[in-house]
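Trainee: Starting off with a structure, shown below.
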Amino acid sequence: MAYAYLFKYIIIGDTGVGKSCLLLQFTDKRFQPVHDLTIGVEFGARMITIDGKQIKLQIWDTAGQESFRSITRSYYRGAAGALLVYDITRRDTFNHLTTWLEDARQHSNSNMVIMLIGNKSDLESRREVKKEEGEAFAREHGLIFMETSAKTASNVEEAFINTAKEIYEKIQEGVFDINNEANGIKIGPQHAATNATHAGNQGGQQAGGGCC
Amino acid sequence: MSSIPHRNTWWKSKKTVKVTRSYPTFPSLNAWEEFRGLLPVDREQNPGVTLGVEEGLLCQLLHSPEFNLFPDSVVFESNFVQVKRGRNWIDIYKASNTMALGVTSSVPCLPLPNILLMASVKWHRGQSQTWNRPSTAPNIILKRILPLKFVELQVCDRLQRILRLRTVTEKIYYLKLHPNHPATVFHFWIRLVQILQKGLSITTKDPRILVSHCLVPKNCCSPSGDSKLVQKKPQASQPSESLIRLMAKGESEALSQIFADLHQQNQFSFRSSKKMETKKDSSVKDTSREDEDSIPCTRDLSWRESFTYGEWERENPSGPQPLSLLSTLAASTRPQLAPPIGNSI
């Protein structure tokens with residue numbers, strides 16, 4: 001299916017926080033309570049529409065377990081968005097966010113949009129990390145923040161789509177050089193010609209309008 | 001170091017056709033499939049391509065602008081049917097669904113592949129599942145990338161041409177080589193399994209030793225896909241295995257006899273000649289992987305001259321590598337998995 005843009009996402013965070021479940025919920029709209037440990041990278045993709053434009057999200061679900069992260073760092077390259085996930089029922093996964101963030105900042109482009117996700121919000125009774133803590137961390141580090149539940153699908157769509165909206169806005173504002181593949185954004189064929197004019201036109205939000 | 005650019009030089013001479021990157025803008029997968037059909041058909045001289053194990057669908061997907069992954073590394077790949085054990089092997093999915101399995105290197109200069117690729121392929125109804133640039137590209141979706149050090153690959157059933165793939169997380173796949181692939185292709189996989197399990201006895205980091213190694217011999221195959229390797233050695237039912245064993249033992253003299261049988265008129269392409277020059281120019285020893293078996297192929301290596309090299313080959317890094325590359329070298333070392341359960345070779 002044709003698309004205007006392709007955004008590369010990477011999902012990172014400690015093992016067991018629900019990265020693969022978030023991906024499965026977003027791409028297949030289903031929840032799988034038991035999931036094999038991810039080794040290397042697993043891929044998912046889905047089309048979304050923003051501002052009337054078809055955008056393909058190419059999502060890289062990475063291994064959270066340190067021992068399976070052998071070349072994970074190279075996967076950051078060219079990511080436009082990152083979902084940094086912790087588990088609200090495990091304080092340690094929240095405590096490790098700084099490390100993940102440093103890793104992400106170090107190996108990705110500086111404009112990468114990072115969405116902080118506190119997952120497993122359905123397990124309120126076991127909560128160890130307050131929502132306010134997540135919000136404060138996000139505010140401090142310039143991240144977007146949401147709490148989600150891959151199990152109930154709460155906020156899952158929003159987390160992926162809001163990240164895309166942020167990237168899209170950055171494109172419109174000219175923050176992202178969409179001709180530079182290192183930014184994790186690729187232009188669909190129909191937009192290639194349009195892009196030539198957009199590249200130098202960095203002002204304001206583009207009005208709706210469908211795909212060319 | 002002056003030797004570093006040489007890697008690029010020989011590589012560029014190898015990749016004479018930049019398949020997808022020649023397209024100036026980024027297409028959708030469908031558009032990409034469309035223009036892929038317009039590719040020049042001038043690669044028949046490469047048996048790896050002819051056999052569909054090099055520059056195949058998976059490689060094209062990986063190197064397409066959509067992924068642009070490991071763009072300078074060759075991909076060795078084939079199509080498999082996922083099966084499960086029963087009284088007989090049973091196909092798990094419909095015949096139109098296959099799995100493209102491939103290996104590549106995160107850095108092209110690594111001596112061994114360190115990445116396993118898995119993609120699902122959905123063929124159009126009635127479409128011949130051949131691997132040489134089908135007129136209408138099937139729907140191929142990259143599913144996962146696994147560092148090979150987390151994977152154990154075994155030959156499970158030689159007669160049925162089934163591989164057993166086990167990850168460290170104990171996920172097991174039984175993969176039957178698609179019947180459309182000629183026997184030669186399975187021999188390549190056997191050879192790959194052997195190399196991954198035991199390494200290359202001739203692996204060396206000493207650039208003064210002109211070691212070349214290729215999974216797909218340049219002159220072993222007829223365009224029909226049948227291997228002259230097989231045809232010309234009627235006394236050996238599985239000559240590739242013989243080659244593997246012999247190679248593992250460093251029996252270069254015996255090999256030279258075998259390769260002499262395989263010798264054809266076009267032994268040296270311009271490409272391989274350039275490569276040899278490049279290697280001769282290399283003078284800096286790579287010290288980053290000295291834990292590899294550094295060896296001892298000190299015997300007469302002239303037999304190798306009867307080979308021209310396939311795209312899939314190992315290459316000695318000729319000079320110090322950037323730090324960004326060194327970090328990935330660790331990925332090629334294999335951990336000790338539990339003893340194999342299946343009938344490994």
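Trainee: I'm checking my understanding of the structure. Among residues of region B:141-168 that are without any contact (Cβ under 8 Å) to a residue 60 or more places away in the chain and either surrounded by fewer than 16 Cβ atoms within 10 Å (Cβ to Cβ) or part of a strand (DSSP E or B) (or both), which one is farthest from the chain's Cα centre (by Cα)?
Mentor: Taking the candidates together, the pick is B:Leu159.
Trainee: Right, something else. From the list A:Glu66, A:Glu128, A:Glu132, which one is more than 29 Å from A:Ile171 (Cβ to Cβ), within 14 Å of another protein chain (Cβ to nearest Cβ) and without any contact (Cβ under 8 Å) to a residue 60 or more places away in the chain? Working first, answer last.
Mentor: Details: A:Glu128 fails: within 14 Å of another protein chain (Cβ to nearest Cβ); A:Glu132 fails: within 14 Å of another protein chain (Cβ to nearest Cβ).
Step by step, each of A:Glu66, A:Glu128, A:Glu132 is checked, and only A:Glu66 is more than 29 Å from A:Ile171 (Cβ to Cβ), within 14 Å of another protein chain (Cβ to nearest Cβ) and without any contact (Cβ under 8 Å) to a residue 60 or more places away in the chain.
Trainee: Oh, and also: Which of (1) aliphatic (A, V, I, L, M); (2) under 23 Å from A:Ile39 (Cα atoms); (3) outside any strand (DSSP E or B); (4) at pLDDT 90 or above is the odd one out, the single condition B:Ile195 does not satisfy?
Mentor: Of the numbered conditions (1) aliphatic (A, V, I, L, M); (2) under 23 Å from A:Ile39 (Cα atoms); (3) outside any strand (DSSP E or B); (4) at pLDDT 90 or above, the odd one out for B:Ile195 is (4).
Trainee: A further question follows. Considering only region A:12-42, state which residues are touching a residue at least 40 places away in the same chain (Cβ under 8 Å), of a type in the set (Lys, Arg) and outside any helix (DSSP H, G or I). Don't jump to the end; show me each part of the working.
Mentor: Here is the first cut: in region A:12-42, the residues touching a residue at least 40 places away in the same chain (Cβ under 8 Å) are A:12-22, A:24-26, A:29, A:31, A:33.
Subset that is of a type in the set (Lys, Arg): A:19, A:29.
If the condition is that a residue be touching a residue at least 40 places away in the same chain (Cβ under 8 Å), of a type in the set (Lys, Arg) and outside any helix (DSSP H, G or I), then A:Lys29 is the only one that fits.
Trainee: Please enumerate the residues belonging to region A:17-46 that are touching a Lys or Arg at 6+ places or on another chain (Cβ under 8 Å), surrounded by fewer than 17 Cβ atoms within 10 Å (Cβ to Cβ) and over 28 Å from B:Thr104 (Cβ atoms).
Mentor: A:Pro33
Trainee: Which of the residues spanning region B:142-166 are out of contact with any strand residue (DSSP E or B) (no Cβ under 7 Å at 6 or more places or on another chain) and at the interface with chain A (Cβ under 8 Å from one of its Cβ atoms)?
Mentor: Here is the first cut: in region B:142-166, the residues out of contact with any strand residue (DSSP E or B) (no Cβ under 7 Å at 6 or more places or on another chain) are B:149, B:157-159.
Listed by number, the list holds a single entry, B:Lys149.
Trainee: Further question on the same structure: Among A:Ala104, A:Ala79, A:Ala45, which is within 13 Å of chain B (Cβ to nearest Cβ), touching a residue at least 24 places away in the same chain (Cβ under 8 Å) and not hydroxyl-bearing (Ser, Thr, Tyr)? Outline the logic, then answer.
Mentor: Numbers: A:Ala104 fails: within 13 Å of chain B (Cβ to nearest Cβ); A:Ala45 fails: touching a residue at least 24 places away in the same chain (Cβ under 8 Å).
After applying the criteria, what remains is A:Ala79.
Trainee: Considering only region A:40-52, state which residues are β-branched (Val, Ile, Thr) and at pLDDT below 95. Even if it seems obvious, please write down each step before you answer.
Mentor: Looking only at region A:40-52, we keep the residues that are β-branched (Val, Ile, Thr), and these are A:41, A:48-50.
Passing the criteria: only A:Val41.
Trainee: B:Arg43 versus (1) within 22 Å of A:Ala45 (Cα to Cα); (2) modelled with pLDDT under 50; (3) assigned to a loop (DSSP other than H, G, I, E, B): which is the lone unmet condition?
Mentor: Result: B:Arg43 fails condition (1) only.
Trainee: Now for a separate question. Quick test for you: out of B:Thr136, B:Thr98, pick the one residue that is in contact (Cβ under 8 Å) with a residue 12 or more places away in the chain, buried (at least 21 other Cβ atoms within 10 Å of the Cβ) and more than 14 Å from every other protein chain (Cβ to nearest Cβ). Walk me through it before giving the result.
Mentor: Details: B:Thr136 fails: buried (at least 21 other Cβ atoms within 10 Å of the Cβ).
Result: B:Thr98 is the single residue among B:Thr136, B:Thr98 that is in contact (Cβ under 8 Å) with a residue 12 or more places away in the chain, buried (at least 21 other Cβ atoms within 10 Å of the Cβ) and more than 14 Å from every other protein chain (Cβ to nearest Cβ).
Trainee: Exactly one of (1) more than 12 Å from chain B (Cβ to nearest Cβ); (2) among the hydrophobic types (A, V, I, L, M, F, W, C); (3) touching a helix residue (DSSP H, G or I) at 6+ places or on another chain (Cβ under 8 Å) is unmet by A:Cys21. Its number?
Mentor: Result: A:Cys21 passes all but (3).
Trainee: So the check is Cβ under 7 Å with 6+ separation or different chains; which pairs have a first residue in region B:80-92 that's touching a residue at least 24 places away in the same chain (Cβ under 8 Å) and a second one that's hydroxyl-bearing (Ser, Thr, Tyr) and part of a loop (DSSP other than H, G, I, E, B)?
Mentor: Sorted first by the residue in region B:80-92, then by its partner, the pairs are B:Gln82/B:Tyr93.
A quick yes/no check of all residues on (1) touching a strand residue (DSSP E or B) at 6+ places or on another chain (Cβ under 7 Å); (2) over 21 Å from A:Thr38 (Cα atoms):
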site	(1), (2)
A:Val85	yes, no
A:Asn95	no, yes
A:Met115	yes, no
A:Val129	yes, yes
A:Glu133	no, yes
A:Phe137	yes, yes
A:Met146	yes, yes
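Trainee: Anything in region B:99-136 that is under 17 Å from B:Lys176 (Cα atoms), modelled with pLDDT under 90 and among the β-branched types (Val, Ile, Thr)? List them, or say none.
Mentor: Correct list: B:Thr130 only.
The values are calculated or read from the model by the stated rules, or taken from the named source; none is laboratory data. A quick note: this is a predicted structure, and the numbers were derived from the prediction, not measured. A quick note on method: Cβ atoms are made from the backbone with ideal geometry, for glycine too, and the neighbour counts reach across all protein chains shown.
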